[in-house]
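Derivation of every value follows stated rules applied to the coordinates shown; laboratory data play no part. Keep in mind that what you see is a predicted model, and the values were worked out from it rather than measured. Here the Cβ positions follow ideal geometry from the backbone for every residue, glycine too, while neighbour counts run over all protein chains shown.
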């Protein structure tokens, strides 16, 4: 060990530890609209967010009834990628589905 890794205090060697910060997490949100079908939202949740059908249906109902639903919680890079994938798939299928992210 180098001298910077050890401190000697009264004959006792101690190691100093570096604190590692966890990266911030982001919620990926799906927003309700009057045109995107429930089946399409479930397909997005199963395909992009890897949700089982039961959980995808529950999230889709939250979106439908409350206007918004949490599709998942991820680090920034993954959340940004998921949002982009949703928008890309929605555009290709001519759906106005909106997806956003917000820090937890």
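Just a few scattered comments:
- GNM flexibility winner over the chain from 91, 17, 58 (Cα, springs under 10 Å): 17
- Kirkwood estimate for segment 40-97, i.e. one over the average of 1/r between Cα atoms, Å: 11.6
- Its residue count N sets the reference 2.2 N^0.38 Å, and the alpha-carbon radius of gyration of the chain equals 1.70 times that reference.
- Ordering 89, 101 by the number of other Cβ atoms within 10 Å of each residue's own Cβ, fewest first, gives 89, 101.
- Contour excess over end-to-end distance, with Cα ends at residue 15 and residue 54 and 0.36 nm allotted per residue: 9.1 nm
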